[in-house]
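Below is one structure, written out as structure tokens; the observations come after it.
The values are calculated or read from the model by the stated rules, or taken from the named source; none is laboratory data. Quick caveat: nothing in here was measured; it's all calculated off a predicted structure. Using ideal geometry, Cβ is built from the backbone for each residue, glycine included, and neighbour counts are taken over all protein chains shown. Ligands, DNA and RNA are excluded from the accessible area calculation, which covers all protein heavy atoms including side chains. Shrake-Rupley method; radii C 1.70, N 1.55, O 1.52, S 1.80 Å.
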Amino acid sequence: MKLVLTAAKMNLNQDYLHLMWALHCIQTLTQVTEVVTEKIKVFQTPPEIKAFEGDTINMHCSCEQDKTIESIRVDWTKDSMPLIGATTMASAHVNRSYSSINETTAKLTIENIIRSDSGMYLCEISVEIPAPVRKGQGNGTKLTVQVYHNYRHKLAALALLVILGLAILCYKQQRRRKRNASLSVGDVAEVINEENPENEGHEEGHEESSSSRGSSHWLTSSLYESFDYFTIKQEENEETCCNASDS
């Protein structure tokens, strides 16, 4: 009988110990959960990046400055998929991505970007030292990678259109100047013919001879004659005015 009672007491003690251990584990898990849910403010810049294939881009992630912070961990994700992680003590390099931390600021660098790098990038900072652990997440950076050669072709086509437009404009202006110059010479010749009918025969002979000597000589002589004509007319007008004033 005594042996049975002793065995029962031992079983009760073991059950009690198991119960106490379970309660202790539950309390510990509850404390850890409370620590993980504690958050910090995280700032991520820039909110958007637009770049071309082959470029190098940078993103920054930081938390509030605190002199007590000794070590942080930064995890970067792309479209909710893990990309790269780094700590204050150790930088990280994966393929074309490089992550480093300076005090409470982390930087993600992606070199020689390609079209598939486009997406939403998020950073998460965990303050590991001192305890308790605190975490925070940035607002994200949207990366858009454009194909460079398409842009280059469009730019070249635009430049070609501008050059063609300027060439056409210059050509039209040149033709307009030549047309105006020919019209002005014709007007002067008309005035000379109308005011000097006695020189018609002379001018006809002059035109026949100019065909052999060239049009440039005829144009020069016509201009000189027109200038002489306008000078004579001006002197006659001045004499008329003087006579009128004397009378």
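Side notes on the structure shown:
- Additional length obtainable on full extension of the chain from LYS142 to LYS178, 0.36 nm per residue less Cα span: 7.1 nm
- Residue-level accessible surface for MET120, protein heavy atoms, 1.4 Å, Å²: 80 Å²
- Global geometry of region 55-159, whether rounded, prolate or oblate, following the gyration tensor of its Cα atoms and the 1.5 cut on a/c: prolate
- Here the simple spin-label model places points 7 Å from the Cα toward Cβ, and for MET89 and GLN65 these points are separated by 2.6 nm.
- Only protein heavy atoms count here; under a 1.4 Å probe, LEU166 has an accessible surface of about 100 Å².
- Against the criterion of solvent-accessible heavy-atom surface with a 1.4 angstrom probe, CYS63, CYS170 sort, most first, into CYS170, CYS63.
- At an R0 of 51 angstrom, the distance between the Cβ atoms of THR109 and LEU161 translates into a FRET efficiency of 0.85.
- Efficiency of FRET between SER100 and SER80 - r from beta-carbon atoms, R0 22 angstrom, step 0.05: 0.45
- Built amide H within the under 5 Å cut-off of ILE84, gap 5+: TRP76
- Other-chain or far-sequence residues with amide H under 5 Å of GLN146's (modelled H): ALA51, PHE52, GLU53
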